[in-house]
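Asker: Got a structure for you, questions after.
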Amino acid sequence: MADRISDLWGTRTPHARDTSWPIRVDQHLEPGLTAADVDDWVQSACTLCSNGCACDIAVKDGRMVGVRGRPGDVVNHGRLGPKGLYGSWQWSRSERLTRPLVRRGGELRETDWDTAMDLIARRSRELLDEFGPLSHGFYTSGQLFLEEYYTLSVLGKAGLGTPHMDGNTRLCTATAAAALKQSFGSDGQPGSYADIEACDALFLFGHNMAETQTVLWSRVLDRLRGPEPPVVVAVDPRRTPVTEAAVETGGVHLAPLPGTNQALMNGLVRELLEHGWVDHDYIAAHTVGYDELAATVKPYTPERVAEICRIEARDLRRAAEVFGTSRRVLSTVLQGFYQSHQASAASCQVNNLHLLRGLLGRPGSGVLQMNGQPTAQNTRECGADGDLPGFRNWDNPEHIRQLADLWNVDPLTIPHWAPPTHAMQIWRYAEQGSIRLLWISATNPAVSLPELPRIRKILARDDLFVVVQDGFHTETAEYADVVLPAALWGEKQGTFTNADRTVHLSEKAVEPPGEARADLDIFLDYARRMDLRDRDGGPLLPWSDPEGAFEAWKECSRGRPCDYTGLSYDRLRGDTGIRWPCTDEYPDGRERLYEDGVFPTHADVCESYGRDPLTGGTTSREQYLATRPDGRAFLRAAEYVAPPETPDDEFPFACTTGRTVYHFHTRTKTGRSRRLRRAAPEPWAELSARDAEALGIAEGDLVRVESARGRVDVPARIGRGRDGVVFLPFHYGYWDSGADAHTRAANELTQTEWDPVSKQPLFKLSAVRVVRLGGGAGPAPAPTTAASAPADPAAVAPTSGDDDVHEDVRPDLPRHSGTPHDTSHL
Ligand SMILES: Nc1nc2c(c(=O)[nH]1)N[C@H]1C(S)=C(S)[C@@H](COP(=O)(O)OP(=O)(O)OC[C@H]3O[C@@H](n4cnc5c(=O)[nH]c(N)nc54)[C@H](O)[C@@H]3O)O[C@H]1N2
Ligand SMILES: Nc1nc2c(c(=O)[nH]1)N[C@H]1C(S)=C(S)[C@@H](COP(=O)(O)OP(=O)(O)OC[C@H]3O[C@@H](n4cnc5c(=O)[nH]c(N)nc54)[C@H](O)[C@@H]3O)O[C@H]1N2
Ligand code: SF4
Ligand SMILES: [Mo]
């Protein structure tokens, strides 16, 4: 039995390059139970990150009592990580929302569904009559199911006609989508997780995969511990398990100052060009924009980049050499790049590195512009992020006509006169009073949005009617006019798509608590009460269950890059999830995109005509046609520009924020698991040993971290990050702290600024000062197992849990390995 709190990645199953990743089935059941006690195993996949590990939910006496990984699945080959094992279901019997609440006399009071939904529908109709559809804003999630997003999307676009719809995916993977559109013409992950088995070098750009996709990192570790391991290169200002692997494999850890990624990337591209580590035939046949790129990166010599990023020039050279001389390179990109001021430009530079060498669409060579949330891909596909469903282009009248035909509505109903409203702008409109109804589903903005003092003011406005739809009474629910109790994972049915395009079906295992309802049913109920109809008077949303919504979505996806028409609930009940596109041409799904170097950039096909990398200004169809992409990819170029806020005398430190392995976001689920909670119970601030010494701060001392916008008071961890940088985990609101003190959440400090192209906010950099408030009661409550480990390991007791995870290692082959592997080594 394994303790997966202290052993984050579990038992190693090393294997050689080009061989299949062995199966290891991980299982965790409620204490005292064995597999023999389980009544039913119900098929699903984990929703605590974008990896989408396939699992079965154990059910006993109508309750969820455990999980085990599914051995035949292409994503995880049986494995689950600490969050999946300890956080996926343990919340299910804790204090849940069980009845709708409405605000009366300033207080939230329980009521029945009819009263709550009638109130929403009445308010909605009044506002539509008086102010029109622009009075309505929908702020949704990357954590609902595909069927729910599609329903919401049709309801908002064809029913109400509001462009004000976005997800928290704006905070999360808007840059992934933007970088894919900018480079390749459309959203859609080019690579496959199976590329880990075949790569010779692995680059992680601002991605602490070891803590944020633990099972994917197990997959990497099994290559690193086997023969012919890949070389790892990591770009992260902190020391993390990923950057340690980079050093161990003879790669390099580049630790740029937060906010300087674009300079570093320009330097890497320049080195590739200088040394001729490029494939000129591929560039000529499959790309446009080479000359501009070459001219733009020219001034970024290693010395100049070293100066801007505060790194060593030789490390940059070494990183470029690894990229330039490895036969097969896989890159991943995540929040260290996405949540910064040149997010899209820097992420496009990763695509550029691959295009320049033609390392795309082949086993071991690919890009993973990662997602974070489990279902963020579906928010984007279905248009619940404001984009049009099926990766359609809002600026292409033919795409609008397709949707109008499909939904049988007037094309003019569908908002397409301007780009869809992004989340930060939705909040701005609410602040200015033009959005009067804000419907928040499956997200907790009172903790997760930047600059929380401002967000609280907006939520508290008298003229804003706030609907909150969640399974728990969150910090955001405190501000609601109506709270709708939602059924959660395991309590409803639906599908979702992970970061490498693998679609899973998640079945309903148990009944939701009390009167809680599936989000799908809530949206459909609203549509019925609003009497939303098509052009002929038929119901706009003719489906009534998840499978009906899925079938409707399949039609919407037909012929588009994310084509689901070959999938069905029945097919998804097989041994493994299946990738899109899944069509007659690719009946078992397509493992990699762009094998042939043909990209969806044709003007009639593309999802976007592109944006200026520096200003975000949109490109017209005419301008786009003039670049003659016609199936070629774009090499996008941009100067490095300094971030909008940098450390100065008053606020001398660069504060960056992010995650720890044990918690998911605002902890509504992981905070209710005993083991995960114990492993990381309270917030902290990480300082480098040298900075701490200069400030007279010792491990566990109480410190105040303050920006121009707010402050947090938390214990200090003397950590292992680079000097000049403070790190705060962003998980901690106050629902479980018994206080409403606004001195815990990292977002008290962050700024209201975003990347010009993707509109993703800049969580990774704010200027702060740090002062010591007093001594603490022992070491900071930060985990010792990963990036938050103390500089002095002897100073803090190691983080650990109980031994109770069953691991079943099987060196045999999964039935669906994806890539045809040479298995003779096994
Ligand atoms: N345990 C856990 N796993 C999760 C989640 C969770 O909450 N907890 N959430 C999921 C979601 S939604 C997401 S989006 C992903 C996020 O996954 P990641 O992006 O891996 O997580 P973060 O911790 O936000 O940021 C990654 C790294 O960026 C580094 N960084 C900070 N500033 C910079 C910079 O300027 N440049 C560079 N190069 N790096 C920088 C940080 O030091 C950090 O180690 O995780 C998913 N998985
Ligand atoms: N400072 C800082 N801030 C950040 C980040 C950072 O790195 N630093 N990262 C950003 C990123 S990448 C992300 S993804 C966001 C995450 O931010 P949030 O989305 O606000 O975080 P969660 O805690 O996941 O909130 C999801 C909510 O949905 C509820 N929920 C879960 N499943 C369901 C369901 O099926 N139906 C309904 N109705 N509700 C459900 C949960 O109980 C929870 O309250 O935070 C962002 N904010
Ligand atoms: S890696 Fe992500 S999807 Fe897999 S078990 Fe962990 S949290 Fe769940
Ligand atoms: Mo995210």
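The values are calculated or read from the model by the stated rules, or taken from the named source; none is laboratory data. Everything numeric in this text was worked out from a predicted model, so none of it was measured. Ideal geometry is used to build each Cβ from the backbone, glycine not excepted, and the neighbour counts take in all protein chains shown. Note: accessible area is taken over every heavy atom of the protein model, side chains too, but ligands, DNA and RNA are not part of it. Shrake-Rupley method; radii C 1.70, N 1.55, O 1.52, S 1.80 Å.
Asker: Expressed in whole Å with the largest first, what are the equivalent ellipsoid semi-axes of the chain derived from the C-alpha gyration tensor as the square root of 5 times each eigenvalue?
Answerer: Semi-axes (√(5λ), whole Å): 35, 32, 29.
Asker: Using a/c under 1.5 as the rounded threshold, could you call segment 305-359 rounded, prolate or oblate? The axes a ≥ b ≥ c are square roots of the C-alpha gyration tensor eigenvalues, and prolate needs a/b larger than b/c, oblate otherwise.
Answerer: oblate
Asker: How much net charge surrounds D463 when only the other residues with a Cβ under 13 Å from the Cβ of D463 are counted, with Lys and Arg +1 and Asp and Glu -1?
Answerer: Here the count lands on -1.
Asker: Size of the dipole of the chain about the Cα centre, Lys and Arg at +1 and Asp and Glu at -1 on the beta carbon, nothing else charged, in debye to 20?
Answerer: That gives a dipole near 880 debye.
Asker: Counting Lys and Arg as +1 and Asp and Glu as -1, each charge on the Cβ, what is the dipole of segment 362-488 about the Cα centre in debye, to the nearest 20?
Answerer: Around 280 debye, computed over segment 362-488.
Asker: Quick one: putting +1 on the C-beta of Lys and Arg, -1 on the C-beta of Asp and Glu, what dipole do you get for segment 653-795 around its Cα centre, in Debye to the nearest 20?
Answerer: So the magnitude is around 560 debye.
Asker: Out of all DSSP beta bridges with both ends in segment 601-733, state the antiparallel percent to the nearest 5.
Answerer: Given both bridge residues lie in segment 601-733, the antiparallel proportion sits at roughly 45 percent.
Asker: Placing +1 on the Cβ of each Lys and Arg and -1 on the Cβ of each Asp and Glu in segment 137-227, which of V215, G159, G226 has its Cα farthest towards the positive end of the resulting dipole?
Answerer: About the Cα centre, the residue reaching furthest to the positive side is G159.
Asker: What does the highest-first list of 291-299, 250-258, 588-596 look like by mean Cβ count within 10 Å?
Answerer: 250-258, 588-596, 291-299
Asker: Next question. Dipole of the chain (Lys/Arg Cβ +1, Asp/Glu Cβ -1, origin at the Cα centre): which of L33, I196, T583 lies farthest to the positive side?
Answerer: Comparing the listed Cα positions along the dipole, I196 ranks first.
Asker: If you don't mind, there's one more thing I want to ask. If you project the alpha carbons of segment 1-155 onto their three principal axes, what span does each projection cover, largest first, in Å?
Answerer: Taking the Cα atoms of segment 1-155, the three principal extents are 66, 39, 28 Å.
Asker: Rg/Rh for segment 83-127: what does it come to with C-alpha atoms and Rh from Kirkwood?
Answerer: Result: Rg/Rh = 1.21.
Asker: Something else about it: With a 1.4 Å probe and every protein chain left in place, work out the accessible area per residue of segment 653-795 in Å², rounded to a whole number.
Answerer: 31
Asker: Here is a further query. With N residues in segment 399-484, what two-decimal value do you get for its Cα radius of gyration over 2.2 N^0.38 Å?
Answerer: Taking the Cα Rg and dividing by 2.2 N^0.38 Å, one obtains 1.31.
Asker: Compute the distance from the alpha-carbon center of segment 573-648 to that of segment 1-60, in whole Å.
Answerer: 35
Asker: Still on this structure, please answer the following. How much accessible area does H275 have with a 1.4 Å probe, in Å² rounded to the nearest 10?
Answerer: That residue has around 100 Å² of solvent-accessible surface.
Asker: Using DSSP, restrict attention to beta bridges with both residues in segment 653-795 and report what percent are antiparallel, rounded to the nearest 5.
Answerer: Within segment 653-795, antiparallel bridges account for around 60 percent of the total.
Asker: At a 1.4 Å probe radius, which order do D584, D691, D7 fall into by accessible area, largest first?
Answerer: D584, D7, D691
Asker: Specify which residue in the list G778, F664, A789 is farthest towards the positive end of the charge dipole of segment 653-795, using unit charges on the beta carbon of Lys, Arg (+1) and Asp, Glu (-1), about the Cα centre.
Answerer: The residue sitting farthest along the positive end of the dipole is F664.
Asker: Same structure again: In whole angstrom, how far apart do the alpha carbon centroids of segment 298-371 and segment 113-134 sit?
Answerer: Going from one Cα centre to the other spans 49 Å.
Asker: If you don't mind, there's one more thing I want to ask. Per DSSP H run of at least 4 residues, take -39500 (n - 2.57); add these up for the chain, divide by its residues and hand me the 222 nm value, nearest 500 deg cm²/dmol.
Answerer: -7500 deg cm²/dmol
Asker: So if I take the centroid of the Cα atoms in segment 701-736 and the same for segment 162-207, what is the distance between those two points in Å?
Answerer: Segment 701-736 and segment 162-207 have Cα centres spaced 29 Å from each other.
Asker: Here is a further query. At most 13 other Cβ atoms within 10 Å and a DSSP loop assignment: could you name the trypsin sites (Lys or Arg not before Pro) in segment 169-231 that fit?
Answerer: Qualifying residues, ordered by number: R225.
Asker: Ok, one more. Provide, as a two-decimal number, the C-alpha radius of gyration of segment 559-615 over 2.2 N^0.38 Å, N being how many residues it has.
Answerer: In units of the 2.2 N^0.38 Å rule of thumb, it is 1.45.
Asker: With 21 Å as the limit, write out which pairs from K181/K298; K181/K759; K669/K759; K508/K669 have Cα-Cα distances beyond it, or answer none.
Answerer: K181/K298; K669/K759
Asker: Show me the ranking of peptides 195-204, 300-309 by mean Cβ neighbours inside 10 Å, starting with the highest.
Answerer: Averaged packing, sorted descending, gives the order 195-204, 300-309.
Asker: Continuing with the same structure: Would you kindly calculate the mean projected area, averaged across all directions, of the convex hull enclosing the Cα atoms of segment 653-795, in square nanometres?
Answerer: Mean orientational projected area (segment 653-795, Cα hull): 8.8 nm².
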